[in-house]
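Engineer: Could you have a look at this structure, given as structure tokens, before my questions?
None of the figures in this text is laboratory data; all of them are computed from the coordinates on show. Just so it is clear, the structure is predicted and the values come from calculations on it, not from any experiment. Here the Cβ positions follow ideal geometry from the backbone for every residue, glycine too, while neighbour counts run over all protein chains shown.
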There are 2 protein chains.
Amino acid sequence: MGTYLVTGGAGFIGSNLCPRLLEAGHKVVCYDNFSTGQRRYVDHIIHNANFKLIDGDLLDRESLVSAMDGVDIVWHLAANADVRFGLEHPRKDLEQNTIATHNLLEAMRVSGVKQVIFSSTGSVYGESQVIPTPEDAPFPVQTSLYAASKLACEGMISAYCEGYGFKGAVFRFVSILGEGYTHGHVFDFVKQLRSDPENLYALGDGYQKKSYLYVQDCIDAMLLISDKMPKKFDVYNLGVDSYCTVRDSIGWICDRLGLKPKLKFSGGKRGWVGDSPYIFLDTGKIRSLNWIPELSIKKAVEKTVDFLTDNAWVFETREG
Amino acid sequence: MGTYLVTGGAGFIGSNLCPRLLEAGHKVVCYDNFSTGQRRYVDHIIHNANFKLIDGDLLDRESLVSAMDGVDIVWHLAANADVRFGLEHPRKDLEQNTIATHNLLEAMRVSGVKQVIFSSTGSVYGESQVIPTPEDAPFPVQTSLYAASKLACEGMISAYCEGYGFKGAVFRFVSILGEGYTHGHVFDFVKQLRSDPENLYALGDGYQKKSYLYVQDCIDAMLLISDKMPKKFDVYNLGVDSYCTVRDSIGWICDRLGLKPKLKFSGGKRGWVGDSPYIFLDTGKIRSLNWIPELSIKKAVEKTVDFLTDNAWVFETREG
């Protein structure tokens with residue numbers, strides 16, 4: 001049993017992870033600044049004796065160092081995950097991802113904490129010519145400030161592994177769906193349909209291919225690796241071995257909600273500048289370790305729609 | 001004719017570039033904080049009417065914005081280039097490379113300056129399994145904080161090209177030699193031999209393979225690309241198509257100085273943690289544009305030894 005610090009522990013993935021770690025008998029220190037994390041997501045575990053909640057920011061270096069007390073492994077999930085509007089606030093990814101991650105690594109180093117698990121993104125592959133994209137795909141070109149900042153974090157983590165004897169595991173995700181999800185197209189579509197069940201407006205031509213992974217499958221994979229950390233540093237793609245189009249997804253959402261809206265598409269291959277028209281990852285590496293995602297994309301979309309339907313309060317707290 | 005802002009314009013490569021740009025009829029704004037740059041390096045052009053010197057820091061965002069006035073292209077050469085001692089001050093690469101580069105890109109964006117040339121490093125390839133290493137080598141793992149910070153800069157530049165319509169050219173160098181050089185093994189060896197011509201102590205086993213490029217050859221390649229900038233973003237390796245061992249280099253240095261010291265090696269394959277045992281770049285891409293380096297590694301080492309002999313004052317101003 002260990003003590004796990006989870007940055008962004010009250011966020012989408014973090015708030016699904018914390019209960020899993022507690023169930024496994026670990027102690028959990030949840031570190032979150034509640035910029036996008038939700039107190040309601042951790043309400044059900046707040047009184048667990050093995051759970052500690054720290055309302056802290058990764059830019060607060062002193063708070064970070066004091067949070068490291070007794071920690072064995074850091075799960076670094078906190079991030080500015082607002083890919084789409086990165087161009088409107090170009091310093092945000094630098095500060096909340098790159099600088100924040102450096103602060104975290106430094107707090108770990110001065111505290112003697114040397115194991116880190118990091119949630120990166122499949123968008124670091126840019127517009128890869130190799131589909132499905134393996135971890136050792138050709139040196140990519142970054143197409144978004146978000147992915148550029150995640151790449152910067154990956155680079156720092158690997159340099160800390162080389163230079164300071166850290167052990168690091170980096171996970172490059174496709175988009176994640178499931179309970180707690182409040183960001184991305186399923187959220188946007190359900191939100192639209194709540195205010196107007198007759199019409200649905202979508203960016204791009206609707207034929208953008210996307211691959212999604214259910215949040216519990218994602219956590220299964222990360223737990224598998226965290227139980228036996230890499231000797232130094234390793235990278236794993238996470239995703240399902242299929243994809244859907246935005247039109248497929250719209251169909252599943254509408255069926256689940258029992259709606260038949262008129263569809264309008266903005267046209268074009270990309271939803272927005274920097275939107276990758278096709279992220280589909282080769283996950284052979286993690287699959288060779290006997291990880292298999294249990295939910296299909298369709299099931300993951302449906303679970304997400306159900307979550308949003310049952311938790312309409314999230315539409316009040318998030319811009320989407 | 002254009003106006004070129006050269007960050008690090010009083011540094012090693014920058015101080016060789018500025019006169020070349022002036023000779024070609026351009027206006028030059030040299031932006032340097034003189035942390036490693038030398039006023040003596042730009043003394044001979046300081047009174048040129050087309051040359052403007054700004055004593056400014058890349059962390060000073062206001063100064064950077066005012067420096068952009070009338071600028072057409074930015075040559076971003078300023079950096080913390082202290083690869084070897086990165087582990088002793090782990091925030092330096094983040095601040096002086098990653099954050100500094102972000103500040104520069106932001107100053108460009110708000111000023112409407114959209115063309116940038118960036119000096120990256122071949123060490124972003126980490127310990128590549130592909131030798132010689134092409135630009136599209138497999139997605140690398142970073143082994144130094146320096147390379148990680150350069151990778152972060154590359155990522156931000158490409159994201160600015162994608163998101164804000166910038167044009168960017170990134171050059172991944174092997175180590176550069178020539179007039180103005182004050183950093184690395186030739187400097188260290190000449191410095192040692194000045195204080196003790198009888199003994200020479202070297203890190204590693206001396207069989208580390210290294211590839212070097214003469215500074216004027218490096219500038220030739222960058223000028224070739226800057227005359228016709230990429231449509232969006234492109235990356236070019238720069239180096240010669242041969243390599244030497246540290247022992248070769250020691251032989252050339254000693255011959256040039258007329259010395260026969262006793263050699264002592266610390267042993268091991270790497271000079272220091274994060275030192276890449278073998279950086280050898282595939283430069284086919286830039287060669288296909290009719291660039292050929294004129295000087296061999298041996299000639300470049302000899303020119304560097306001559307520079308250091310003629311400018312012994314640099315040993316007083318630099319730690320090496």
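Engineer: For B:E294, go 7 angstrom from Cα along the Cα-to-Cβ vector, then report the distances to that same point in the other copies in nm, smallest first.
Structural biologist: 6.9
Engineer: Could I ask something else about it? Indicate, rounded to the nearest 5 percent, the antiparallel portion of the DSSP beta bridges found entirely in the protein assembly as shown.
Structural biologist: About 10 percent, rounded to the nearest 5.
Engineer: What are the semi-axes of the equivalent ellipsoid for the range B:227-311, taken as the square roots of 5 times the Cα gyration tensor eigenvalues, largest first, in whole Å?
Structural biologist: In descending order the semi-axes read 31, 19, 11 Å.
Engineer: Let a ≥ b ≥ c be the square roots of the eigenvalues of the Cα gyration tensor of the range B:31-186; is it rounded (a/c under 1.5), or, if not, prolate (a/b larger than b/c) or oblate?
Structural biologist: Oblate.
Engineer: I would also like to ask the following. Using only alpha carbon positions, build the gyration tensor of the protein assembly as shown, then give the equivalent ellipsoid semi-axes as the square roots of 5 times its eigenvalues, largest first, whole angstrom.
Structural biologist: Computed over the protein assembly as shown, the values are 47, 28, 22 Å.
Engineer: Taking a label point 7 Å out from Cα toward Cβ, give me the nm distances from A:A49 to the same spot in the other copies, shortest first, one decimal.
Structural biologist: Nearest to farthest, the other copies are at 8.4 nm.
Engineer: Count charges around A:Y207 for me, please; just the other residues with Cβ under 12 Å from its Cβ, Lys/Arg as +1, Asp/Glu as -1.
Structural biologist: Taking every other residue near A:Y207 into account, the sum is +3.
Engineer: What list do you get for B:R109, A:R270 if you sort them by fewest beta carbons within 10 Å?
Structural biologist: By the 10 Å Cβ count, ascending: A:R270, B:R109.
Engineer: Antiparallel DSSP bridges in chain B: what percent, to the nearest 5?
Structural biologist: Antiparallel bridges make up about 5 percent of those DSSP assigns within chain B.
Engineer: Taking every alpha carbon pair in the range B:101-198, what does the distance histogram look like in 5 angstrom bins from 0, in percent?
Structural biologist: With 5 Å bins starting at 0, P(r) equals 3, 11, 17, 17, 15, 14, 10, 6, 3, 2, 1, 0.
Engineer: Additional query: Would you order B:H76, A:H185, A:H44 from fewest to most other beta-carbon atoms within 10 Å of each residue's own beta-carbon?
Structural biologist: Arranged by neighbour count, lowest to highest, B:H76, A:H185, A:H44 become A:H44, A:H185, B:H76.
Engineer: Please list, or write none, the lysines whose alpha carbon is within less than 23 Å of the alpha carbon of B:K167, excluding same-chain residues fewer than 8 places away.
Structural biologist: Leaving aside lysines fewer than 8 places away in the same chain, those within reach of B:K167 are A:K92, A:K150, A:K269, B:K27, B:K114, B:K150, B:K228, B:K231, B:K232, B:K285.
Engineer: So, one more: 7 Å along Cα→Cβ for the label point: how many nanometres lie between B:A24 and each equivalent label in the other copies, listed shortest first?
Structural biologist: Label point to label point, same position, other copies: 5.6 nm.
Engineer: Could you work out, residue by residue across A:133-146, how many beta carbons of other chains sit within 10 Å of that residue's beta carbon, and then give the average as an integer?
Structural biologist: What the average comes to for A:133-146 is 6.
Engineer: Tell me the net charge near A:S249. Cut-off is 9 Å between Cβ atoms, A:S249 excluded, with +1 for each Lys or Arg and -1 for each Asp or Glu.
Structural biologist: Net of charged neighbours comes to +2.
Engineer: Scan the range B:61-127 for chymotrypsin sites (Phe, Trp or Tyr not before Pro) in coil per DSSP, keeping those whose Cβ has at most 16 other Cβ atoms within 10 Å, and list them by number.
Structural biologist: Those satisfying the criteria are B:F85.
Engineer: Would you mind giving the mean number of other chain beta-carbons within 10 Å of the Cβ of each residue in B:158-169, as a whole number?
Structural biologist: 5
Engineer: Please work out the Kirkwood hydrodynamic radius for chain A, using every pair of different C-alpha atoms, and report it in angstroms with one decimal place.
Structural biologist: For chain A, inverting the mean 1/r across all distinct Cα pairs yields 19.9 Å.
Engineer: Please report, in debye to the nearest 20, how large the charge dipole of chain A is about its Cα centre when each Lys and Arg carries +1 at its beta carbon and each Asp and Glu carries -1 there.
Structural biologist: So the dipole magnitude of chain A works out to roughly 420 debye.
Engineer: Among the lysines, select those whose C-alpha is under 26 Å from the C-alpha of B:K262, and discard any that sit fewer than 8 residues away in the same chain.
Structural biologist: B:K191, B:K209, B:K210, B:K298, B:K299, B:K303
Engineer: Viscosity 1.002 mPa s, temperature 20 °C: Stokes-Einstein D of the range A:36-92 from its Kirkwood Cα radius, in µm² per second?
Structural biologist: Diffusion coefficient, whole number: 153 µm²/s.
Engineer: State the antiparallel share, in %, of DSSP beta bridges confined to the range B:166-320, rounding to the nearest 5.
Structural biologist: 20 percent
Engineer: Still on this structure, I have one more. Which residue is it, in chain B, that holds its beta carbon closest to the axis of the B-onto-A rotation, and how many whole angstrom away?
Structural biologist: So the chain B residue sitting closest to the axis is B:A152, 2.
Engineer: Here's a follow-up. Among A:Y164, A:Y243, rank each residue by its count of other Cβ atoms within 10 Å, from fewest to most, as a rough exposure measure.
Structural biologist: By the 10 Å Cβ count, ascending, the order reads A:Y164, A:Y243.
Engineer: Average projected area of the Cα convex hull of the range B:68-143, in nm²?
Structural biologist: 6.2 nm²
Engineer: Which net charge results for the neighbourhood of B:V65, defined as the other residues with beta-carbon distances under 12 angstrom from its beta-carbon, given Lys and Arg at +1 and Asp and Glu at -1?
Structural biologist: -2
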